[in-house]
Structure formats: C-alpha cells, structure tokens
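Since every read-out is calculated from the coordinates, none of them should be taken as a lab result. Keep in mind that this is a model prediction, so the values were computed, not measured. Virtual Cβ from ideal backbone geometry, glycine too; neighbours counted across all protein chains shown.
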Amino acid sequence: MRILALPPAVLKDIAVSFVDDSCIRSYNLLMINETNDSLFKKSPDFVARKIAGEIVLIPLQRHLENVNSIYSLNEMGAVVWDAIDGKKKVSDIREELLGVFDVSPQTINTDLEVLLSQLVEIKAISSE
C-alpha cells in the first residue's frame, strides 16, 4: 500500500489521504477563489462512513483507479464532504471553512483546491 504525498505547503492541513495499491498520481488542481461559482455533487458510487472518529469514503463500484482503496478524510475534508450537495457553490463552502477553521484564506484556498481536485480524480464528486 502507498499513501499519496501532497506538496509540503498543504501537509499541515491535509484534507484527504489516499491508501491504494496504485502508483502515486499527480493531480490537476482546480482554481478556487472567492467568487468561484462551481457546483459539485457526490457520486452515488461512494458511501461515507464514520469509523473510529474519521470519515471514510468507500467506493461501491470498483474502477481500475480505486481497486482496493479507501479514502480517509480529516476534519476539514469531512466538513467539505458534508457541504457538497450539488447546491452550494465552492465560494459558499470556502466561506463555511473560513468560519470553522482558524487558518488563513490562502491556506483554505490551497487545501480546498487539493481536496476537490483529488475527489474529482477518484470520481467521488463531479462538477455540475
């Protein structure tokens, strides 16, 4: 098993860690800013469960890229996952995170970009 490494800038407030048997992949980051009107919806191919105090995403349909994989969300990742409903804009989710976590807007932007990009990559969410 391998855990994907993220850039050092986001290791402090990492939003998602990946455990799988595939090679480490690079991610195309989404551009997130204060006025981002993008909407995302959750895939019906994933379920979220709280296990030992963590939110874990479990793929129901096994695609080549997530065979033998589970995805663990930290506290920020769990807030974002709960907020993704197909109706809230990314800018609304960003504002919610700023109200919950005592970190800079740049840190929120970076972590949100990484998390959303990774969730899109594994097909746990898609843009509307």
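Gln61 to Asp102: extension gain in nm, 0.36 nm per residue of separation minus the Cα-Cα distance?
Details: separation 41, 0.36 × 41 = 14.76 nm, distance 3.66 nm.
That pair, Gln61 and Asp102, stretches by 11.1 nm at full extension.
What list of ³J(HN,Hα) values in whole Hz, one per residue of the range 86-91 in order, does the Karplus curve 6.51 cos²θ - 1.76 cosθ + 1.60 (θ = phi - 60°) give from phi, with Gly and Pro shown as x?
x, 10, 7, 6, 4, 4
Quick one: Glu95, Glu113, fewest Cβ neighbours within 10 Å first, how do they rank? Spell out each step's value before the answer.
Details: Glu95 15, Glu113 20.
Listing Glu95, Glu113 from fewest to most nearby Cβ atoms yields Glu95, Glu113.
Taking amide H positions as placed 1.01 Å from N in the peptide plane, with prolines and chain starts having none, which residues 5 or more places from Ile125, or on another chain, fall under 5 Å of its amide H?
Long-range HN contacts for Ile125: Ser43, Val120.
Most exposed first by the Cβ proxy, i.e. fewest other Cβ within 10 Å, how do Phe101, Phe46 rank? Could you put the intermediate results ahead of the total?
Values: Phe101 15, Phe46 19.
The fewest-first ordering by Cβ neighbours comes to Phe101, Phe46.
Under a point spin-label approximation (7 Å from Cα along Cα-to-Cβ), what is the Ser91-Ile70 distance to one decimal in nm?
The modelled label-to-label distance comes out at 3.8 nm.
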